[in-house]
Amino acid sequence: MILTRSEYPGVGDALYSGTLANGLTIYVVPRPGFRKKHACLSVNYGGAMRDFTLGGARHETPAGTAHFLEHKMFDLPEGNALNILTSRGAEANAWTGADTTAYYFECGEGFYENLELLMKFVSTPYFTPEGVEKERGIIGQEISMTEDDPGFALYTEAMGALFARHPLRESVAGTRGSIAAISPETLYACHKAFYVPSNMCLAVCGDVDPEHAAEAAALCSPPGYVPAAEPDYGEPEALEPAARRAGRSMDISDPMFMAAAKISCGLPRSAEGLRFITAGQLAVQALLGPGSGFYTTLYAEGLLRSDFFRYVSPAAGTLVFACGGTASEPEEVFERLCDALGRAAEDFDAGAFERARRAAYGAGLRGLDSAASLCRELAAGRFGGYNFYESFNALGSVTAGEAQDFVRGYLRPDRLALATVSPKERN
């Protein structure tokens, strides 16, 4: 196939891109002289896509199905693809998020052979009752470990407070009860629904020939265009949280908190959507970032620690704001946060916004040094309806006024929920 070359002199990259006749999108970023070569095959399907419509029929699947499917995709009739890749000296793995599943490898030698294997095993469903039953036990142990993780518990409480029905309320891995209902037939049905080339993106970075990489991918990619299923996240929800407070107690030494808000429950997949997200990300960085008055003041007072995080991120058709970390007095921090956001809606610091813009641009450039990070971002752009490299243009053109409008419209105190994980009382 013939790939289109696009130059991005501002960041020093060239992107080769194209789409196969079956709908598979291919991105290649050549890095001459690099020893390691990275390939990531992403599927626009994740843990929150439990219900979907295919061929006019509605399907409902148990929580944890996408994650279970990821575990089992490495199985082939001739052996385990992960073991084969490892025996060749490649580092390989996979992950499942709310709306994406990705399979990747990194190697120095044998790249094209490994790429053909990647394309083959992701396109070849092979599920036996014995294999599924064995994996059920392994995933059950993984679920048990996440339930003991306070960070995971905090996120779960926050999503449960924000959403009344959206599947983001539930863990990507599911529960031991939900995965008990997953059968080989369930996995075959979901593979047929979502693991089609038109719903996938291959991103490659390294010292590779773009056309050769595209030919290797096409060689083992299923022929014919097949549309993917349409995920159903349920009826749109109001932007007010389902509950203003949520929490639990665990064996931890210090309280943890997460403040969160629903920004959108119908995010557009386009360059306009990217600009909206960028405005929100810059607003939050300017108001709550490491150099902000909010953070430095509360840190000096001992109310916050260095693990304080903040983000605006799309997930499964939504856009979510969250910030949090360890806090000696979560309720006081929450009140101070609401006050800071309320003041920013009326008097936004344009200087802090420009500093946040420069910091974000620098972080974006540093991220290009990581082949794995770049491939993830390319796939996120593909599924989000934009070219990842356009994000640098958005960073340069979004205004402080747009950031202030984002705060004024979507980060109002009445839109925020507070989730906490508190230390258990000890006798």
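Read-outs throughout are calculated quantities, based only on the coordinates presented, and are distinct from any laboratory measurement. Computed from a predicted structure; not experimentally measured. Don't worry about glycine lacking a Cβ; one is built from the backbone with ideal geometry, like all the others, and counts go over all protein chains shown.
Based on DSSP H assignment, which helices of the chain show an axial Cα extent of at least 24 Å together with a mean Kyte-Doolittle hydropathy greater than or equal to -0.5?
Values: long enough: 129-147 (27 Å, -0.74); 271-288 (25 Å, 0.97); 330-346 (25 Å, -0.35); 350-367 (25 Å, -0.39).
Span-like helices here: 271-288, 330-346, 350-367.
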Return a single number: how many Lys pairs in the chain, at a sequence separation of 8 or more or on separate chains, have alpha-carbon atoms below 27 angstrom apart.
10
Pairing rule first: another cysteine's C-beta must sit under 4.7 Å. Under that rule, which cysteines of the chain stay single?
C107, C190, C201, C205, C220, C265, C323, C338
For the range 4-232, with only Lys/Arg (+1) and Asp/Glu (-1) charged at the beta-carbon, what is the dipole magnitude about the Cα centre, in debye rounded to 20?
200 debye
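Just how large is the dipole of the chain about the Cα centre, in debye to the nearest 20, putting +1 at every Lys and Arg Cβ and -1 at every Asp and Glu Cβ?
280 debye
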Return the distance in nm (one decimal) between the two label points of a simple spin-label model at T53 and E78, each offset 7 Å from Cα along Cα→Cβ.
4.1 nm
Between the range 150-207 and the range 244-282, what is the C-alpha centre distance in whole Å?
18 Å
With point charges of +1 on the Cβ of Lys and Arg and -1 on the Cβ of Asp and Glu, referenced to the Cα centre of the range 4-232, which listed residue (V122, A81, L162) lies farthest in the positive direction of the dipole?
L162
Please report the antiparallel percentage of the DSSP beta bridges confined to the chain, to the nearest 5.
85 percent
